[in-house]
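To start, the structure itself, in structure tokens.
The values are calculated or read from the model by the stated rules, or taken from the named source; none is laboratory data. None of the values given here were measured: they were computed from a predicted structure. A quick note on method: Cβ atoms are made from the backbone with ideal geometry, for glycine too, and the neighbour counts reach across all protein chains shown. These accessible areas exclude ligands, DNA and RNA; they are computed on the full protein's heavy atoms, side chains included. Shrake-Rupley method; radii C 1.70, N 1.55, O 1.52, S 1.80 Å.
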Amino acid sequence: MGTENSFLVLFLAPIKEYLEDDEVSEILINGPGKVYIEKHGKLQKTAAQFTSEPALRAAASNIAKSVGRLLDDANPRLDARLPDGSRVHAVIPPLTNCGTVIAIRKFKKDTLSIEKMRQYGSISDDAIMLIKALVALHKNVIVSGATSSGKTSVLNALSRFINNDERVLVIEDASELQLQQEHVVCFETRKPDKNGKGEVTIRDLIISSLRLRPDRLVIGEIRGGEALDLLQALNTGHAGSMSTIHANTPLDCLFRLETCALLSGIEIPLTALRSQVASAIDAVVHTARLSDGSRKVIAISEVLPLKNGEYQTSDLLVWKTDRIAPDGKVEGRFVLKNKPSFIEQAAIAQLQLPNYQ
């Protein structure tokens with residue numbers, strides 16, 4: 001880690017080697033005696049230990065202070081971004097019964113590109129063509145998947161296809177996205193102060209962003225009532241926007257959006273809400289971490305109009321697992337499924353699509 005983050009190494013000396021190991025993506029501390037790391041997509045327990053719970057608690061408190069936050073009995077949860085971009089989340093007793101719990105998601109120095117994803121076997125040429133067309137045609141895309149399935153990395157890679165002359169507004173809880181376009185404006189939420197004042201939420205920032213002439217909105221992650229504000233924005237002319245959400249399948253993604261929108265506190269009939277979801281979202285790019293630790297784009301699905309009030313999706317491309325090799329490696333292939341509805345639009349824009357039979 002860089003010198004600007006030396007304080008983190010100082011406070012967390014027992015895990016210094018993992019903080020400095022670029023192959024370690026996450027460090028999970030479950031109390032003073034249990035430390036796990038994720039390396040090459042696989043979790044493994046380490047021999048690292050903190051001397052005591054007070055020592056671990058002091059380390060967490062010092063990290064909080066270093067970024068202007070509080071971690072104490074009145075504020076038992078910490079969500080922070082470190083100077084190098086790494087994310088830290090900590091929870092202290094009595095909310096946990098094993099001692100202070102800390103998760104550090106390390107910032108990757110090398111941004112994952114579409115080309116690297118192809119090299120790793122995380123995506124196919126056909127999938128790249130589909131994604132490039134979706135972005136170029138200003139389709140609204142949600143990247144869905146489970147925790148640590150690579151959603152943010154995929155969203156980063158998708159954003160590479162945005163034209164450099166577009167004004168892109170990025171809204172995140174903690175800045176992780178690294179868009180390379182020239183005209184990018186980044187916003188970050190703010191936690192309330194010790195008096196419970198001054199909080200700025202994703203919902204607040206979405207409302208502000210709509211008055212700042214965006215060509216595209218990129219929301220780091222949808223978690224709650226901001227989903228309704230985003231849906232309304234997408235249904236009023238802000239095409240080509242992107243976000244991520246936790247979901248198990250492309251279809252489940254739409255139900256998750258619906259549930260999050262209901263958390264807004266605004267009364268809206270379910271049929272009207274579903275109509276908004278189906279009309280606002282054009283496609284879902286679904287990611288997964290497979291049993292061998294590899295991460296892949298396992299589905300690209302188009303969102304169809306409601307049918308009898310129910311969501312409908314059409315898989316354009318899916319990953320098919322053929323077998324698990326003796327060494328545990330997952331072997332399979334990307335398979336083209338249904339033709340996209342935007343074939344004619346792509347032809348007019350002179351965009352190449354996969355060769356559907």
Top to bottom by accessible area (1.4 Å), largest first, where do R211, R256 land? R211, R256
Surface share of carbon and sulfur [accessible, 1.4 angstrom probe, percent] for the chain: 49
Using a Gaussian network model on the chain with a 10 Å cutoff between Cα atoms, which of L262, L95, L177 fluctuates the most? L95
Based only on the alpha carbon positions, what is the Kirkwood hydrodynamic radius of the chain, in angstrom? 21.8
Residues in the stretch 97-129 near a label at Q178, defined as backbone nitrogen under 15 Å from the 7 Å Cα→Cβ point? 106-117
Quick check: the angle from helix 53-66's long axis to the longest principal axis of the chain, C-alpha only, nearest 10 degrees? 60
Rounded to the nearest 500 deg cm²/dmol, what is the calculated helix-only ellipticity per residue at 222 nm for the chain, with -39500 (n - 2.57) per DSSP H run of length n ≥ 4? -8000 deg cm²/dmol
At 7 Å along Cα-to-Cβ for each site, give me the label-to-label distance between R323 and N75 in nm. 5.6
Rg/Rh over Cα atoms for the stretch 159-205, Kirkwood Rh, comes to 1.12
Figure the gain on full extension for K337 and C98 (residue separation times 0.36 nm, minus the Cα-Cα span) and round it to one decimal in nm. 81.3 nm
Students sometimes get this wrong: rank T201, T51, T271, T100 by accessible area, probe 1.4 Å, all chains present, largest first. T51, T271, T201, T100
Which shape class applies to the stretch 142-299: rounded if a/c is under 1.5, otherwise prolate when a/b exceeds b/c and oblate if not, where a ≥ b ≥ c are the square roots of the Cα gyration tensor eigenvalues? rounded
Surface per residue (accessible, 1.4 Å probe) for the chain, Å²: 48
First check a/c for the stretch 89-219, with a ≥ b ≥ c the square roots of the eigenvalues of its C-alpha gyration tensor; if it is under 1.5, answer rounded, and if not, answer prolate when a/b is larger than b/c or oblate otherwise. oblate
Could you rank V35, V9 by how accessible they are, 1.4 Å probe, largest area first? V9, V35
Ranked by how many other beta carbons lie within 10 Å on average, peptides 273-284, 337-348 from highest: 273-284, 337-348
Taking Cα atoms of the stretch 204-254, Rg/Rh with Kirkwood Rh, to two decimals? 0.97
Calculated SAXS-style log₁₀ I(q)/I(0) at q = 0.21, 0.24 Å⁻¹ - the stretch 67-162, Debye, Cα scatterers: -1.05, -1.24
Stretched out fully, how many nm does the piece from K42 to N308 gain, at 0.36 nm a residue minus the Cα gap? 91.5 nm
Counting other Cβ atoms within 10 Å of each Cβ, which GluC sites (Glu not before Pro) in the stretch 139-186 have at most 14 and sit in a DSSP loop? E182
